[in-house]
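None of the figures in this text is laboratory data; all of them are computed from the coordinates on show. Just so you know, these numbers come straight off a predicted model, no measurement behind them.
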Amino acid sequence: TETIFLFSLEICFSKACSLNLALVKKQGILATGKPLSSQIRILMLDKDSPFEILHLYVCNTVIPFFTSFARSGSDCSREKIDTVKRDITNLELSLKRAQQEFEIPEVRLIAHHKIAELLESCKDDSSAIENFEADTKFLNELQLGEHGVRHWLREIQKVTLLEREFTSGSASQEINFWINLYHALEKLQARLDQPDIKLTLQILRSNKRFLATTSFENDTRLKPILEKVSNYYNNLMKDFPLNDLLASTEIEEIPGALVNIFEHLKKLKSTSYPLGRALELIRAISRDLTTQLHKILSNYSLLQMRFDEFLRLMQMCKGVFDTWLDQFQTFRTLVRELAKRRNVRQTLQVDLRMRKLLSLYKDTAATEQVQNAYESVAFGKGRPSDVLDLSEEGTSWWASSMSHYNSKVNGVETKIISYLRDQLGKARNANEMFRIFSKINALFVRPRIREAIQEYQRFYYPIIRHVTRLFFNIYIL
């Protein structure tokens with residue numbers, strides 16, 4: 001069999017196309033003395049969605065490449081690097097949103113061709129409509145036909161009866177749904193105000209087809225739904241500052257973004273947006289926050305970096321968590337007040353993934369107490385563990401690493417306790433005993449070490465009382 005390959009200089013998205021290949025010249029004119037591999041870049045573009053392909057390249061190639069460049073200590077100004085990084089992040093965000101966007105059905109209301117002819121004739125004869133006589137066949141077509149009001153009703157209800165479940169997904173999907181729905185309803189309203197639609201309804205009323213016109217006006221429910229969506233859009237969804245969080249490239253940018261988001265959510269007081277949906281929105285924002293933190297922290301080798309740098313990074317994370325919890329408490333109070341005012345019962349909880357991330361911070365912060373055992377977590381069982389992996393496999397790996405960590409800590413504590421008992425047993429007076437305690441005073445927070453010290457209380461308390469009595473007799477009396 002013979003295989004035929006067809007080449008074209010135009011980008012192709014049809015099923016017949018197998019591959020799009022981009023050859024990018026580094027310079028304007030190819031130099032003869034240099035190899036082509038140093039002058040031409042080859043880019044493979046699948047026939048899938050351009051949003052998906054471009055997002056893949058930006059997310060997995062452009063962003064990591066530029067992030068590494070930004071951390072390399074280049075002479076390029078920090079302001080220029082931050083500007084480019086923010087623009088790249090906004091591009092990645094736009095491509096991601098284009099893939100997630102909830103599609104609002106496009107509605108086309110096409111009037112009967114005779115209506116268009118009648119409107120055209122009115123330009124020459126203003127009395128054409130008044131003198132127009134519709135026969136039964138034409139009226140039936142206006143009422144029941146492909147270009148009639150019953151068909152329009154079904155088309156309009158594709159939008160007015162549209163619902164979106166909000167038990168999963170991102171906050172941007174919820175926000176974009178209401179924004180797009182608002183614009184779609186406005187477009188529909190504008191279409192119904194055009195002459196051909198109005199003339200169709202006028203002819204049906206003039207010929208006493210009231211059932212068709214009344215049903216059309218009542219069943220579309222366009223005006224009340226537009227009012228409801230307009231209330232959501234203008235009072236809450238419009239200018240929602242979610243991009244401040246999603247476009248953040250450094251941890252220190254996140255607290256300010258969270259403050260802006262929760263400040264905007266206070267507009268719930270002036271909208272009829274359902275509280276149950278508001279709770280789902282805050283949970284979605286929590287998931288987005290977790291994802292954004294994971295994305296930023298993934299640029300660091302957390303368990304292989306210098307310990308002082310790790311603690312500084314964890315302090316910045318603590319600032320994020322503290323801001324979230326403070327703002328969340330204020331939001332909780334607002335929801336309770338609105339629930340009482342609207343006479344509804346609602347419960348509000350932090351998203352589970354946010355809780356796991358909070359507990360993760362507490363676990364990693366504990367390494368400050370016993371730094372010597374830290375390497376057992378960072379390089380447990382031969383490979384670095386991913387502290388940000390919250391999947392079932394990642395959680396299992398973390399538990400195994402922490403078990404190994406605790407095992408090493410117990411071994412260190414056993415040696416300290418043995419040393420402590422040996423030294424205290426050799427102590428001849430209170431000064432020597434206190435000198436021993438001062439060496440390990442910082443480790444008294446460890447329960448096993450504290451219990452070991454308590455064993456010697458019955459020995460050193462009488463000594464302390466004796467020394468105190470001597471001091472009192474000599475210097476006080």
Quick one: plug the Kirkwood hydrodynamic radius of the stretch 57-181 (C-alpha pairs) into Stokes-Einstein at 10 °C, 1.306 mPa s, and report D in µm²/s. 79
Taking every C-alpha to C-alpha distance in the stretch 107-259 and binning by 10 Å from 0, the per-bin percentages run 9, 31, 24, 16, 11, 7, 3, 0
Cross-link reach list, lysines versus Lys439, counting only Cα pairs under 19 Å and skipping chain neighbours closer than eight places: Lys415, Lys426
Using the Kirkwood radius over Cα pairs of the stretch 49-94, the Stokes-Einstein translational diffusion coefficient at 37 °C and 0.692 mPa s, in µm²/s and rounded to a whole number, is 294
The value for the stretch 186-297 (convex hull of the alpha-carbon atoms, volume per residue, Å³) is 127
Using the Kirkwood radius over C-alpha pairs as Rh, can you work out the diffusion coefficient of the stretch 183-226 via Stokes-Einstein at 10 °C, viscosity 1.306 mPa s, in µm² per second? 143
Here is the link list: Lys96/Lys223; Lys114/Lys158; Lys267/Lys295; Lys208/Lys228; Lys198/Lys223; Lys123/Lys187. Which ones come out longer than 21 Å on Cα distance? Lys96/Lys223; Lys114/Lys158; Lys267/Lys295; Lys208/Lys228; Lys123/Lys187
Expected-Rg normalisation [2.2 N^0.38 Å, Cα atoms] applied to the stretch 136-206: 1.48
Reachable lysines from Lys25, criterion Cα separation under 20 angstrom, eight or more residues apart if same chain: Lys34
Here the alpha-carbon Rg of the stretch 268-347 over 2.2 N^0.38 Å rounds to 1.49
